[in-house]
Every structure is written in structure tokens, then in C-alpha cells.
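Some notes on the structure that comes next.
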Amino acid sequence: MKQSDFLNIVLPFKDKVFRLAKRLLVSTEEAEDATQELLFKLWTRKEKIGEYKNIEAFAMTMTKNYCYDRLKSKQASNLTLVHSNYKEKETSLENKIEYRDSVNQVHQLIQNLPEQQRTIIQLRDVEEYDFDEIAKIVDMQPTAIRVALSRARKTVREQLTKKHNYGVS
């Protein structure tokens, strides 16, 4: 396989790989390293790429596994879950602060979810994968993914509502 063919296959989902890595590893530098590592691994397997039914799902699975390995390592003991893709149009400073606080609260609530729910909510609600693609990435049945996603969303919604209603009679 030529380099140009490889790039045509891999580049369309490179940003999704980075966003998943960023969601799991937090650090932009760690996410860049994870993305580079994934691209290197795919390059070393370039002759076998045609054998995979869905190379994007395969790449996302590899990224998820690499990130989990990094999080388990001693070097990554200081990494936490943060997401900074939130951008907004021009609004007042007060609204910007309020939005930022709300987004940070949601990210903190997502961070407190079990690892599986956190990954599923990232893949479905941020990366916008369909359930079949998520099933391949996390090796679960689509029905189980729907249940886990529903529970994750419900937990985040209830905790956010509880925080917003704190002190209100």
C-alpha cells in the first residue's frame, strides 16, 4: 500500500481518534501522542488494512485500549477527564461564565460515571457514532449500549438538576 492510499483511508477519522483520546486522557499532549501511536500502529499493519470490515471502528477500539493502558500506567496517575471542545458565539461575559460553569459541571458529572458509561456517552453524544459502530468499539450488544447510555444520561441529568435546584424550596 502506498503512503497516499494509507492517508486517504486514515485521515478522514484522525480527528475523531484525537477527540476520543483527549476525552479519555485529558491532556492535549497525551492525546496527540495517542493519535500518533495509533497512526504508527496502523502504518505498520498497512498491508492488512484491507482485511478489516470497518477500519474506523478498529482504529477507535485501538485508541480506546491504548488510552486505557495509559491511564492504568504509573506515568498517567495525574490524568483526569476533561473536555474542551465547547465553543460559543459572542455573548456577555456573565453568560460565558455561566455556560462555562454548566459545561464544566456536566464534564465533572461525566467524569464521575463508571468507565464504560463514560466511554459510551463520549462515543455516542460527542463523536456521534451509531450504536452498531459503538458495539464494535466497546464489544457490547447494541441493546446493552442503549441501556448504559440511558443510565449515564439519566445520572448526569439527575445530578445536574440536583445541583441547579440546591437551596430552592
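The values are calculated or read from the model by the stated rules, or taken from the named source; none is laboratory data. Everything quoted here is computed from the prediction, not taken from an experiment. Positions of Cβ are backbone-derived with ideal geometry, glycine not excepted, and every protein chain shown enters the neighbour counts.
Here's the yes/no breakdown for (1) of a type in the set (A, V, I, L, M, F, W, C); (2) surrounded by 13 or more Cβ atoms within 10 Å (Cβ to Cβ); (3) over 20 Å from Glu133 (Cα atoms); (4) at pLDDT 85 or above:
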| position | (1), (2), (3), (4) |
| --- | --- |
| Phe13 | yes, yes, no, yes |
| Phe18 | yes, yes, no, yes |
| Thr44 | no, no, yes, yes |
| Glu56 | no, yes, no, yes |
| Cys67 | yes, yes, no, yes |
| Ser77 | no, no, yes, no |
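The condition (being part of a helix (DSSP H, G or I), surrounded by 13 or more Cβ atoms within 10 Å (Cβ to Cβ) and modelled with pLDDT under 85) is satisfied by just one residue among Ile49, Ile97: Ile49.
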